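K.L.:
Here it is: the structure, laid out below.
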Amino acid sequence: MADDRSSPDGVDLEQMLDLSTPWCLRVAATLRIPEHITAGHTDIGALATAAECDPDALYAVLGHLVSRGVFTEDSPGRFSCNRAAGGLAEAHRFIDLDGIGGRMAHTWGTLLDYVRTGQPSYEKVFGRPFWEDLAAHPRIAADFDALMGPVGHGVPDYDIELSGGWEAVRTVVDVGGGTGALLATLLRRHPRARGVLVDLPGTVARAAETMKEAGVAGRVTAEGQSFFDPLPAGADLYVLKSVLNDWPDEPTVAILRRCAEAARPDGRIAVLGGVAADDTPRSLGIDMLVAGGKTSTLTQFTELARRAGVDIVAAGPQSSGRYVVECRPVKGKDES
Ligand SMILES: C[S@@+](CC[C@H](N)C(=O)[O-])C[C@H]1O[C@@H](n2cnc3c(N)ncnc32)[C@H](O)[C@@H]1O
């Protein structure tokens, strides 16, 4: 290899192959090293005692991170935090290897298996399928919900543009709506609408704060249930945001069918996430590895929608930049 490693095409393969830095960052965050340093345990011995770990191993990890600009070593074996170390403390909740960060990090280790088989290997590593694993670990589930919600992904600040407008929308059901951040935003934008948040019981139980903060708590009810069971019927709009991308084809058809049953005869279904324009470049997401999820092309989705008994009314990127597919139940069809 030439001495000058900068490549003419700007692709630094060596840097991309490095696994030490991502793992050292996660280990330091999991051990709460920034917080221990801030609390005054700056010497490697005191730091290892506070973090309950081996001093030599910790020293090696911190030495590596210092060489990457995270933490400073002010004198041999004595550390302080810098901006990046502060960022590590802030990210703790989502990169903690004992929490949701560990679930995500170790899931990437199943990629080869996933590519060989096309099936997720999450259960082989963690003993249960992803959603059951979260249900069995409420703290990790709460961190997952927070990651999906305003703390992790921010407060949604966009609308869903409907072909017939929002005038006639009196009730909107957010199916798999997490802790309700998008529903709260939609209700703020459309003050005459009421909302129903549908998600698993543990998740909807964590939604109250979001609704209260958005000032819409009086217009929302929450249903802790599976979206594979019958959904609250008769609403004008059913929203599926970042839901269908978590599931393979058969469950996707089942969820859409539940929406169609509930929306009949005149309701609409808006899908955000899980469908992309036919010419969108393929990409890899952790939703594929954790749960076998899939993002369909519009052509593929059209066939899934047909099987679920829904027609596509409109599809395309909206002013929010999001690709939205609007569907309606097939007229006069009780079931496909
Ligand atoms: C990727 S999150 C998206 C949450 C939210 N729509 C958003 O965009 O932030 C997927 C959601 O599906 C929910 N979910 C998974 N399985 C479910 C089921 N069987 N019934 C209802 N909700 C489910 C999860 O709890 C989670 O909130």
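K.L.:
Within segment 216-229, identify whether any single residue is under 27 Å from Asp113 (Cβ atoms) and out of contact with any Leu (no Cβ under 8 Å at 6 or more places or on another chain), and answer yes or no.
P.N.:
Yes: one or more hits.
K.L.:
Say we look at segment 37-54 and pick out the residues that are open to solvent by 60 Å² or more (accessible area, probe 1.4 Å) and more than 33 Å from the chain's Cα centre (by Cα); which of these is nearest to Arg26 (Cα to Cα)?
P.N.:
The first filter runs over segment 37-54 and keeps only residues open to solvent by 60 Å² or more (accessible area, probe 1.4 Å), leaving 38-39, 41, 49, 52, 54.
Those still in the list that are more than 33 Å from the chain's Cα centre (by Cα) too: 41, 49, 54.
Values: His41: 19, Thr49: 19, Asp54: 16 Å.
Across segment 37-54, the extreme among qualifying residues is Asp54.
K.L.:
Consider Pro232 carefully, then state whether it is over 21 Å from the mean Cα position of the chain (by Cα) and modelled with pLDDT under 95.
P.N.:
Numbers: over 21 Å from the mean Cα position of the chain (by Cα): yes; modelled with pLDDT under 95: no.
No: the conditions fail for Pro232.
K.L.:
So, one more: Within segment 289-302, work out how many residues are touching a helix residue (DSSP H, G or I) at 6+ places or on another chain (Cβ under 9 Å) and in a strand (DSSP E or B).
P.N.:
Selection size over segment 289-302: 1.
K.L.:
Filter segment 239-282 down to the residues that are closer than 21 Å to Phe130 by Cβ and either free of Cβ contacts under 8 Å to residues at least 24 places away in the same chain or among the charged types (D, E, K, R) (or both) and list them by number.
P.N.:
Scanning segment 239-282 gives Lys241, Asp246, Asp249, Glu250, Pro251, Arg258.
K.L.:
Condition first: in a loop (DSSP other than H, G, I, E, B), near the ligand (Cβ under 9 Å from one of its atoms) and open to solvent by less than 20 Å² (accessible area, probe 1.4 Å). Now tell me which residues in segment 234-252 satisfy that.
P.N.:
Matches in segment 234-252: Val243 only.
K.L.:
Filter segment 119-135 down to residues that are touching a residue at least 60 places away in the same chain (Cβ under 8 Å), open to solvent by 10 Å² or more (accessible area, probe 1.4 Å) and outside any helix (DSSP H, G or I) and give me whichever is nearest to Ile286 (Cα to Cα).
P.N.:
Only one residue fits best here, namely Pro120.
K.L.:
Being part of a helix (DSSP H, G or I) and within 12 Å of the ligand (Cβ to nearest atom) is the filter here; which residues of segment 141-155 pass it?
P.N.:
Within segment 141-155, the first condition is being part of a helix (DSSP H, G or I), and the residues that meet it are 141-148, 150-153.
Result: Ala141, Ala142, Phe144, Asp145, Ala146, Leu147, Met148, Pro150, Val151, Gly152, His153.
K.L.:
Let me ask you something else. Take segment 182-199 and flag every residue that is out of contact with any Phe, Trp or Tyr (no Cβ under 7 Å at 6 or more places or on another chain) and closer than 25 Å to Ala254 by Cβ.
P.N.:
Leu182, Leu183, Leu186, Gly195, Val196, Leu197, Asp199
K.L.:
Can you tell which of Val271, Val290, Val310 is surrounded by 12 or more Cβ atoms within 10 Å (Cβ to Cβ) and under 22 Å from Gln119 (Cβ atoms)?
P.N.:
Values: Val271 fails: under 22 Å from Gln119 (Cβ atoms); Val310 fails: under 22 Å from Gln119 (Cβ atoms).
Matching residue, one of Val271, Val290, Val310: Val290.
K.L.:
For Ala89, all conditions in the list (1) in contact with a Pro (Cβ under 6 Å, 6 or more places away or on another chain); (2) open to solvent by 50 Å² or more (accessible area, probe 1.4 Å) hold save one; what is the number of the exception?
P.N.:
Exception for Ala89: condition (2).
So that you can scan it fast, the table gives a plain yes or no per residue for (1) within 27 Å of Met148 (Cα to Cα); (2) assigned to a strand (DSSP E or B):
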| position | (1), (2) |
| --- | --- |
| Ser283 | yes, no |
| Asp287 | yes, no |
| Leu304 | yes, no |
| Gly316 | yes, yes |
| Gly321 | yes, no |
| Glu326 | yes, yes |
| Gly332 | no, no |
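K.L.:
Of the numbered conditions (1) surrounded by fewer than 23 Cβ atoms within 10 Å (Cβ to Cβ); (2) touching a Ser or Thr at 6+ places or on another chain (Cβ under 7 Å); (3) among the β-branched types (Val, Ile, Thr), Ile140 fails exactly one; give the number of that condition.
P.N.:
Every condition holds for Ile140 apart from (2).
The values are calculated or read from the model by the stated rules, or taken from the named source; none is laboratory data. Bear in mind that the values here come from a model prediction, so they are computed numbers and not experimental data. Cβ: placed from backbone, ideal geometry, glycine included. Neighbour counts: every protein chain shown. When the accessible area is computed, the model is the full protein with side chains, heavy atoms only, and any ligands, DNA or RNA have been set aside. Shrake-Rupley method; radii C 1.70, N 1.55, O 1.52, S 1.80 Å.
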